[in-house]
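A short write-up of the structure that comes next.
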Amino acid sequence: MKLHQQLLEQLFDYVDGLLGEEERRRLEAHLAECEECRKALDNIRKLREKARRVSAPSLTPEAKLRLYERLNEERAKRGEPLLRIPQALLDEVAARAKAASQAAKEVAQETTKAAVEVSAAGAEAVKTIGKGMTRTGKKTGEVAVTAADSAAEVAKEMGKTAVDVARISTIESAEVIGQGFKGPFRAMMMPVKLSMKGMKAGARMMTGGAKTITSSMKGAAKVMQKGVEASVTGALEGTKAAATAAKTSKKAAEAGRSVLTSAMKGAKKVITGEHEEDED
Amino acid sequence: MTTSEQEFVRRLQENDPEAYEELIENYADMVYRIAYRILQDPHDAEDAMQETFLTVYRRINSFRGESKFSTWLYRLATNVALDMIRARQRKQGRDVVWDDSEEEGAPLPDTFTPLPEELLLRQEAIDLLEEAIAHLSPKLRTALVLYELEGLPMKEVAEILGISESAAKVRVHRARAQLQKYLVEHAKEVAQ
């Protein structure tokens, strides 16, 4: 909107009631015809109303008390009688200090309470995780014992087979050699028989070996089964520990929120106290 | 000056402690408010208030009663606040010579952009207005504060500022025009 500078000045003066009678009448006649100037005038008026609602903070009782103290300091330097600080002002400052102190105390109490809760929740989490670890350790130990048992069983089986094979081979070889002394034909057949016995012993050895392998596989299967069980238990314990830790975190968050709420309440009390007393 | 005002000033000049207690009780709020509006800082405003009352205490005997006592007190408070701004600017290494011609000699803009109607109805407009007042130069802000916010007559504003009434009027008009400009430029931020 293009507005002549002089007209804008006149609009300001009109709003302020600073126009002379003649000027005012002329401007009003112009306003009746000019919509743009009417809009500008309305805008200036509304802005003025808004400007009057711009507030300034009130003087606090503490600042007023400091003013008394500052003037008394100056008067004391000159050896002049001091100003009497009104009792009402002293009471107001004391009441506000008490309210602020109470609010601070409440915040401190809430903070301590929350800190204790957080600490307890943390200890609980550590305890649960510890329990889970102990159980997992126990299961791992059981698996190790099973593995050792299986290994011992395998070793025993292998040893037994070897002793049996050795015993049978010795007896049978002794029989063949004994028979060899009974006649030249038998003596001639002795190496053949011996080799057959050797073959038999080899077959027994193979059977023993197969048994040992079966036993080893059984042992391994047991170890694997125990291992799987231990893993499942470990996973379950881990899940439990994680759930407890999550609960603990929730508790800690709640405790934190409680501190914040308390701090906000405290701050609000202090602020509200100031306003209430300012209005008084 | 009214008779009761003359009597009050006489008691202050006689250094009557009770008169000083009355002075604080009746004028501390007003002095603090003016100082805050010019300085835009609560701590500086408290310092300015203390300095103003100390000045009354030291200079009350120089008060001749040519103006109202409250006008004299307003002038002291305004001068203390403006001196503090100068000291603040000096401390920041800024130029402390305030150019009067820029504020008083320059014509008002010949364009007038009205503010959106909805902005003027919103509460946020007050916040934006506070911001705009803070952006005015100290001299324009002081004139606007005394006239528009304190609601003093132009004649008294001129007396407080130690300038002619027409010069005071020009400062108020410049301040209003600058507020309008600032608000138009920042109206979009409020609308968002």
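What follows draws every value from the coordinates through simple rules; no lab data is involved. A quick note: this is a predicted structure, and the numbers were derived from the prediction, not measured. Neighbour counts run over all protein chains shown; Cβ positions are idealised from the backbone, glycine included.
What list do you get for B:137, B:4 if you sort them by fewest beta carbons within 10 Å?
Sorted ascending by nearby Cβ count, the order is B:4, B:137.
Would you order B:174, A:135, A:84 from fewest to most other beta-carbon atoms within 10 Å of each residue's own beta-carbon?
Ascending Cβ contact count within 10 Å gives the list A:84, A:135, B:174.
Return the subset of A:64/B:169; A:156/A:226; A:64/A:113; A:265/B:139; B:155/B:181; A:98/B:91 for which the Cα-Cα distance in this structure is over 30 Å, preserving the input order.
A:64/B:169; A:64/A:113; A:265/B:139; A:98/B:91
Using a/c under 1.5 as the rounded threshold, could you call the range B:3-91 rounded, prolate or oblate? The axes a ≥ b ≥ c are square roots of the C-alpha gyration tensor eigenvalues, and prolate needs a/b larger than b/c, oblate otherwise.
prolate
So how tilted is helix B:69-91 from the main axis of chain B? Cα-based, degrees 0 to 90, rounded to 10.
60
Which residue, B:138, B:116, B:153, has the most motion in a Gaussian network model of chain B that connects Cα atoms within less than 10 Å?
Checking each option, the largest mean-square fluctuation is seen for B:116.
If N is the number of residues in the range B:123-192, what value comes out of its Cα radius of gyration divided by 2.2 N^0.38 Å?
1.17
Going through the range B:31-84, which GluC sites (Glu not before Pro) have at most 14 other Cβ atoms within 10 Å and a DSSP loop state?
B:66
As a test of the definition: which semi-axes, in Å, follow for chain B when you take the square root of five times each eigenvalue of its alpha carbon gyration tensor? Largest first, please.
34, 17, 17
Suppose only helical runs count, i.e. DSSP H with n ≥ 4. What mean residue ellipticity at 222 nm does that imply for chain B under -39500 (n - 2.57) per run, divided by all residues and rounded to the nearest 500 deg cm²/dmol?
Theoretical 222 nm ellipticity from helices: -23000 deg cm²/dmol.
What residue among B:21, B:159, B:130 shows peak mean-square fluctuation when chain B is described by a Gaussian network model with Cα springs under 10 Å?
B:21
What's the exposure ranking of B:154, A:217, going from fewest to most Cβ atoms within 10 Å?
Sorted ascending by nearby Cβ count, the order is A:217, B:154.
Would you mind computing, in nm to one decimal, how far apart the modelled labels at residue A:260 and residue A:73 are, each placed 7 Å from Cα along Cα→Cβ?
4.1
Name the most mobile residue of B:45, B:28, B:143, meaning the one with the largest mean-square fluctuation, in a Gaussian network model of chain B with Cα contacts below 10 Å.
Most flexible of the set in this elastic network: B:28.
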